[in-house]
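Let me begin by presenting the structure, written as structure tokens, before commenting on it.
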DNA sequence: CTGATAATCGCCCGTTAGGGTGATTTTTTT
DNA sequence: AAAAAAATCACCCTAACGGGCGATTATCAG
């Protein structure tokens, strides 16, 4: 717990079960250093109101009726990426683990977790941690590795739009000067972009870049 | 009819129907400038005997019992490619038109064709023509166009095995010297092959060649 | 036997590509 | 406002590429 305690941690909660939601609110309000700024029983209210409340962290039920918690989190973090979200679930839903974290969740807590651990976990998240059970952690790491593998085969996603534009022309057989002419920029600029493309794709020649481009298309 | 008539045209016929076969034999023997050197009621006899008889032209029933006429023609022309073959059929069998001509047939006649036209057609074949009905001709041209289209999209077929080998390495991103090392040949030889590949594929750069290669794969 | 094709290698020469290095400007993010 | 990322341009230099032109050998079909 290295959190600066001069200001309480502002928490919002999105949970459709009134009993559970109120339990969390009472827990947070009764704990020193925590402030529960709002609670919602559905995704829509949360999405419209949370950006204005500016909580530090949101506890989000993953199984909301109607729009699910992952979609809700996406909407909130799109409006304000600084708001951290920890997903709540009653059981270890393997399939949504990666989906949530990939979509921007900072952690993952079982609702049955003891109050003290919940408070501790919130502090962990504020400090940059990512609370989750050991079993879930292993699965996440596994998923992450798989994703990393995919990402490496499909590196085109890391290219900027300009780079992608140039790579497309490169993969059409155009020379530097022709690309420069088409885009109304200098030949050296094209070269510069291509250098960056090569580094991102981990290749050394135009042919290797074209191969990667055509394969992932 | 521009054929040199000093020597009669030597004809063999392969047709399982005795009545039809004899009709053709009588027609040919009774016509000046023609000589029927042999007749067969099955493919096997024709294949073993025709090369020795050395006819100028073979009239081949497309629907032979057992081994069909197309296979029979292939075997005969493999033994002696100078022997011309005209397929005989009772009806316009669309599907076998291209197959026969692609396999080396010089023409295509309906059995119901009048004797004078048959004799004329044989002379046409000897003179380098390709007798067939107008309807069949149109279908053949159509098939041919389709094939040509495929060939042009798939230009890789015109490459020699060595060229294909080199193009594969080229499309894997290897440089000339690396390809040379892998194939134990000189860098200039690789360059020479690649020059030929470029001409066959109608491209000017390695990238364009790679694009064509990857697309047709 | 002769011609055609395939595979091999060499040399000259100009163009293109790619690495190194550095810089300016604009846009985005923090 | 400050920092980071994206886009822009420039210069030097070596290696790779591609065209032109020619040549030898082996094989195979006519």
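Listed by position, the helices (runs of 4 or more DSSP H) contained in the stretch B:81-166 that have at least 2 residues being at pLDDT below 75 and out of contact with any helix residue (DSSP H, G or I) (no Cβ under 9 Å at 6 or more places or on another chain) are B:134-153.
One line per residue, one yes/no per condition, for (1) within 9 Å of another protein chain (Cβ to nearest Cβ); (2) under 35 Å from the mean Cα position of the chain (by Cα); (3) farther than 14 Å from residue B:208 by Cα; (4) crowded, with 17+ Cβ neighbours inside 10 Å:
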{"residue": "A:172", "(1), (2), (3), (4)": "yes, yes, no, no"}
{"residue": "A:177", "(1), (2), (3), (4)": "no, no, yes, no"}
{"residue": "A:183", "(1), (2), (3), (4)": "no, yes, yes, no"}
{"residue": "A:199", "(1), (2), (3), (4)": "no, yes, yes, no"}
{"residue": "A:203", "(1), (2), (3), (4)": "yes, yes, yes, yes"}
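With the structure loaded, tell me whether residue A:172 is within 9 Å of DNA strand C (Cβ to nearest atom) and either at pLDDT 90 or above or assigned to a helix (DSSP H, G or I) (or both) or whether it fails that test. In short, no.
For the stretch A:31-59, name all the residues that are surrounded by 18 or more Cβ atoms within 10 Å (Cβ to Cβ) and assigned to a loop (DSSP other than H, G, I, E, B). Once the filter is applied, which keeps residues that are surrounded by 18 or more Cβ atoms within 10 Å (Cβ to Cβ) and assigned to a loop (DSSP other than H, G, I, E, B), the stretch A:31-59 yields A:31, A:55, A:56.
Collect the residues in the stretch A:60-80 that are assigned to a loop (DSSP other than H, G, I, E, B) and either away from DNA strand C (no atom under 16 Å from the Cβ) or crowded, with 17+ Cβ neighbours inside 10 Å (or both), keeping them in residue-number order. Answer for the stretch A:60-80, where residues must be assigned to a loop (DSSP other than H, G, I, E, B) and either away from DNA strand C (no atom under 16 Å from the Cβ) or crowded, with 17+ Cβ neighbours inside 10 Å (or both): A:62, A:63, A:64, A:65, A:66, A:67, A:68.
The values are calculated or read from the model by the stated rules, or taken from the named source; none is laboratory data. A quick note: this is a predicted structure, and the numbers were derived from the prediction, not measured. Every residue, glycine as well, gets a Cβ built from its backbone with ideal geometry; the counts of neighbours run over all protein chains shown.
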